Amino acid sequence: MATKGPPEEDSRGGLFYALVAYAWWGIMPLYFAQLRHVSALELLAHRIVWSAVLLLVLLAVFGRGRLLRDALTTPRTLALLLASTTLIALNWFVYIYGVVTGQTLHASLGYYVNPLVSVLLGLFVFGERLRPWQWVALALAAAGLVYFFVVEGSVPWITLVLAVSFGLYGLLRKVMPVDATTGVTAETLLLTPLAAGGMLWAWSYDALAMPQTDAATQGLLVFAGFMTTVPLLCFGLAARRLPLTILGLVQYLSPTMQFLCGVVFLGEHFPPSLQVCFACTWVALLIFSIEGLYHQRRPAEVAV
């Protein structure tokens, strides 16, 4: 008997929320590029503090404070949250650093590679078996990274850190017994004391941009909470309404838009070594996506 899918209205709504989330993440480089005169650490701190304020307001409005308290007082859940918090903080910082130092293309490549990292984690953590064409896709993506290393003589560390940290973060969120909104709020609150403390320390040494810079910059810094929270909430709504296959395909919208932002709007250098790396990754993802869709539809065809 066929499994009943989500209602058509839920699917349409889920697709809308997914498109908003990934398109929002796709234009984030344009936002952070306006703040290149602010250090990456201060940008990260503002992102955390103002996100915490907005999320707490939303939690109070929707009356979900008890879920947050339960998550933070359950030892196993708290341990998972501490680990995921570390990973998302690392991911946010490296992404911001990549954009403000003119390496948006490296950050974009990291989110292209991320689905392939998730496949590897499934192999090593959950003992999942890879099909032949999945191995081909992984080998092709790895070849692109190796080529970049050989030609440039340096590891594309921004790409690798973003891909691995977000892959591990997704793995932890997969086994964490909390919903997306509660989990993100808990993670943000766990980071807030460190972020706020760092801002106070920097302020005491006149090293904080916030009170000394122009009004436009101050407004953009406060806006970091809104820029961070909206796509996360939209993603949470999309994940509950869409099949993972569709969500997995839509996710490529974000790095594609980031790539276009880097090349078209920010004018970043796109050397041949990076072009080869991107080409290998794009072909690998094409193989991976077609292979996945084929095997998903195959059982239904057999059943008919």
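The values are calculated or read from the model by the stated rules, or taken from the named source; none is laboratory data. In this text, all values refer to a predicted model and were calculated from it rather than measured experimentally. Here the Cβ is made from the backbone with ideal geometry for all residues, glycine too, and neighbour counts use every protein chain on show.
I need every pair where a residue in region 259-273 that is in contact (Cβ under 8 Å) with a residue 40 or more places away in the chain has its Cβ under 7 Å from the Cβ of a residue that is outside any helix (DSSP H, G or I) and buried (at least 18 other Cβ atoms within 10 Å of the Cβ), sequence separation at least 6 or different chains.
GLY262/GLU268
Which one of ALA18, ALA52 is part of a helix (DSSP H, G or I) and more than 19 Å from TRP92 (Cβ to Cβ)?
Values: ALA52 fails: more than 19 Å from TRP92 (Cβ to Cβ).
Exactly one of ALA18, ALA52 is part of a helix (DSSP H, G or I) and more than 19 Å from TRP92 (Cβ to Cβ), namely ALA18.
Which residue is modelled with the highest pLDDT, if the candidates are limited to region 18-70 and must be out of contact with any helix residue (DSSP H, G or I) (no Cβ under 9 Å at 6 or more places or on another chain) and of a type in the set (A, V, I, L, M, F, W, C)?
Among residues in region 18-70 that are out of contact with any helix residue (DSSP H, G or I) (no Cβ under 9 Å at 6 or more places or on another chain) and of a type in the set (A, V, I, L, M, F, W, C), the one modelled with the highest pLDDT is VAL57.
Which residues, taken from region 243-277, are part of a loop (DSSP other than H, G, I, E, B) and over 12 Å from LEU105 (Cβ atoms)? Walk me through it before giving the result.
If we filter region 243-277 for residues that are part of a loop (DSSP other than H, G, I, E, B), which is where we start, we get 243, 251-252, 266-271.
Across region 243-277, the qualifying residues are PRO243, GLN251, TYR252.
Listed here are the residues, each with its yes/no results for (1) surrounded by fewer than 20 Cβ atoms within 10 Å (Cβ to Cβ); (2) more than 19 Å from SER165 (Cβ to Cβ); (3) in contact with a Pro (Cβ under 7 Å, 6 or more places away or on another chain).
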{"position": "THR101", "(1), (2), (3)": "yes, no, no"}
{"position": "ALA107", "(1), (2), (3)": "no, no, no"}
{"position": "TYR111", "(1), (2), (3)": "no, no, yes"}
{"position": "PRO115", "(1), (2), (3)": "no, no, no"}
{"position": "LEU121", "(1), (2), (3)": "yes, no, no"}
{"position": "PHE124", "(1), (2), (3)": "yes, no, no"}
{"position": "GLU128", "(1), (2), (3)": "yes, yes, no"}
{"position": "GLN134", "(1), (2), (3)": "no, yes, no"}
{"position": "ALA139", "(1), (2), (3)": "yes, yes, no"}
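For GLY122, are the conditions met, namely being out of contact with any Ser or Thr (no Cβ under 9 Å at 6 or more places or on another chain), not in a helix (DSSP H, G or I) and not hydroxyl-bearing (Ser, Thr, Tyr)? Break it down stepwise before answering.
Working: out of contact with any Ser or Thr (no Cβ under 9 Å at 6 or more places or on another chain): yes; not in a helix (DSSP H, G or I): no; not hydroxyl-bearing (Ser, Thr, Tyr): yes.
No: the conditions fail for GLY122.
Residues being part of a helix (DSSP H, G or I) and either in contact with a Gly (Cβ under 8 Å, 6 or more places away or on another chain) or exposed (fewer than 13 other Cβ atoms within 10 Å of the Cβ) (or both): count how many of those fall in region 197-225. Please lay out each step first, then the result.
Looking only at region 197-225, we keep the residues that are part of a helix (DSSP H, G or I), and these are 197-204, 215-222, 224-225.
Then keep just the ones that are either in contact with a Gly (Cβ under 8 Å, 6 or more places away or on another chain) or exposed (fewer than 13 other Cβ atoms within 10 Å of the Cβ) (or both); that gives 197, 200-201, 204, 215-216, 219.
The qualifying residues number 7.
Report yes if some residue within region 1-9 is surrounded by 14 or more Cβ atoms within 10 Å (Cβ to Cβ), in a helix (DSSP H, G or I) and in contact with a helix residue (DSSP H, G or I) (Cβ under 7 Å, 6 or more places away or on another chain); otherwise report no.
Taking region 1-9 as the starting set, the residues that turn out to be surrounded by 14 or more Cβ atoms within 10 Å (Cβ to Cβ) are 6.
Narrowing the set further to residues that are in a helix (DSSP H, G or I) leaves none.
Checked region 1-9: no residue is surrounded by 14 or more Cβ atoms within 10 Å (Cβ to Cβ), in a helix (DSSP H, G or I) and in contact with a helix residue (DSSP H, G or I) (Cβ under 7 Å, 6 or more places away or on another chain).
Looking at region 89-98, can you tell me whether even one residue there is without any contact (Cβ under 8 Å) to a residue 24 or more places away in the chain and either surrounded by 17 or more Cβ atoms within 10 Å (Cβ to Cβ) or within 19 Å of LEU168 (Cα to Cα) (or both)? So that I can check it myself, show each step before the final result.
Going residue by residue through region 89-98, those that are without any contact (Cβ under 8 Å) to a residue 24 or more places away in the chain are none.
There is no residue in region 89-98 that is without any contact (Cβ under 8 Å) to a residue 24 or more places away in the chain and either surrounded by 17 or more Cβ atoms within 10 Å (Cβ to Cβ) or within 19 Å of LEU168 (Cα to Cα) (or both).
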